[in-house]
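This report concerns only the one structure given below.
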C-alpha cells in the first residue's frame, strides 16, 4: 500500500544545525524507491521551504505557512488557500517593536524577516537558530512596499520571542483577532498568524485527494502545536521526544529527538 509520509521541519526533520540527518536522507530515498510519496508540512513560507530541496530534491509536495500554501514540486504549481488582510501588517509590526520580537512577513512568493536596527534579542541565546539569519533582514519600508505598493498577498505573519513572551502575545492577539484569523504557538517560541480555518492537516487532505489516497495512507511526524491535527488524524502520527506535551498526547508513538536517526528507523520499519 502506497503511503504519504509528511514531516514538520523545525524540531522534527531538521537537526539543530538546520539540516536533514544523513540517515534520514537515506531512508527518504528508500521510501521513494518503494513508490511512496513525501511531503514537508511546515509553518515556514514557501520561499523558506524550497531551499530544503537542495538537501533532498525528491519531495513531492511542500505544505507551507501551516497549510495556507501548497507547492506541487513536480508540476511546479502553487495553491494558496487564503490570505490575511493587509492592515494586519501594521498591527503586528507594532507588536514586534513593542515586545522586542523577531518578525516575519510571508507572501505567496517571498519571505521578509524584520527587526529594528540595533535590536539585540537576549532570548535568542536560549533557542535554536532555526530560520533566524541576520543577513536576510529587510527594512520596514521594504515590507510595506511589498504589501502596499507591489500588492503582494500575505499568507502568514509571525512573531518570535521567549516562551514566556510568546505565550502572553498569543493570549493577547487571540482575543484581539477574535477568530478572524488563526493564532497558534509553534515550537514554543513562535506566534503564527494565518488565515482562519487553515492547518497543515487540511493541506494534507487536499494532497491525499489529489493522489486518490485516504488518511489510512498517511504517516506524519511533528513536534509542536501546529502539528497536532496531522499527528492525530494520520493512520500513524509520530511525535518527537523533544516535542511539546500537546503533540505527544495525540501521537501514535513518541520517537527519539530531532538530532537522532529515529525518523530514519521509523520510516524503514513502515516501508
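The values are calculated or read from the model by the stated rules, or taken from the named source; none is laboratory data. Here the structure is a predicted model, which is why all the values come from computation and not from measurement. Neighbour counts are summed over all protein chains in view; Cβ atoms, including those assigned to glycine, are modelled from backbone coordinates with ideal geometry.
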query = Any residue at all in the stretch 235-242 that is closer than 25 Å to residue 101 by Cα, outside any loop (DSSP other than H, G, I, E, B) and within 18 Å of the chain's Cα centre (by Cα)?
reply = no
remark   = If we ask which residues in the stretch 92-122 are outside any loop (DSSP other than H, G, I, E, B) and either at positive phi or free of Cβ contacts under 8 Å to residues at least 60 places away in the same chain (or both), their number turns out to be 12
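Could you pull out the residue among 186, 174 that is buried (at least 21 other Cβ atoms within 10 Å of the Cβ) and in contact with a strand residue (DSSP E or B) (Cβ under 6 Å, 6 or more places away or on another chain)? Full working, then the answer.
Working: 174 fails: buried (at least 21 other Cβ atoms within 10 Å of the Cβ).
186 is the lone residue from the list that is buried (at least 21 other Cβ atoms within 10 Å of the Cβ) and in contact with a strand residue (DSSP E or B) (Cβ under 6 Å, 6 or more places away or on another chain).
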remark   = Considering the stretch 123-136, residues that are free of Cβ contacts under 8 Å to residues at least 40 places away in the same chain and surrounded by fewer than 16 Cβ atoms within 10 Å (Cβ to Cβ), and then whichever is farthest from residue 183 (Cα to Cα), we arrive at 135
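Just name the residue that is surrounded by the fewest Cβ atoms within 10 Å (Cβ to Cβ) out of those in the stretch 41-60 that are under 24 Å from residue 185 (Cα atoms) and touching a helix residue (DSSP H, G or I) at 6+ places or on another chain (Cβ under 7 Å).
Kept after step one, since they are under 24 Å from residue 185 (Cα atoms), are these residues of the stretch 41-60: 41-52.
The next check asks that each one be touching a helix residue (DSSP H, G or I) at 6+ places or on another chain (Cβ under 7 Å); those that pass are 41, 43, 45.
On the way: 41: 30, 43: 31, 45: 25.
Checked the stretch 41-60; the qualifying residue surrounded by the fewest Cβ atoms within 10 Å (Cβ to Cβ) is 45.
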key: Unique residue being touching a helix residue (DSSP H, G or I) at 6+ places or on another chain (Cβ under 9 Å) and closer than 20 Å to residue 20 by Cβ when the list is 217, 259, 226   = 226
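Within 30 Å of residue 95 (Cα to Cα) and part of a helix (DSSP H, G or I): does that describe residue 246?
Against the criterion (within 30 Å of residue 95 (Cα to Cα) and part of a helix (DSSP H, G or I)), residue 246 qualifies.
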query = within 27 Å of residue 176 (Cα to Cα), more than 17 Å from the chain's Cα centre (by Cα) and at pLDDT 90 or above - does that describe any residue in the stretch 102-116?
reply = yes
inquiry  = When you check residue 68 against the structure, is it in contact (Cβ under 8 Å) with a residue 24 or more places away in the chain, under 12 Å from residue 46 (Cα atoms) and surrounded by 14 or more Cβ atoms within 10 Å (Cβ to Cβ), yes or no?
reply    = yes
query = What residue, of 94, 26, is over 20 Å from the mean Cα position of the chain (by Cα) and closer than 22 Å to residue 162 by Cβ?
reply = 94
inquiry  = Looking at the stretch 249-263 only, could you name the residues that are surrounded by 20 or more Cβ atoms within 10 Å (Cβ to Cβ) and either at pLDDT below 95 or assigned to a helix (DSSP H, G or I) (or both)?
reply    = 262, 263
key: Residue among 66, 26 that alone is part of a helix (DSSP H, G or I) and farther than 28 Å from residue 157 by Cα   = 26
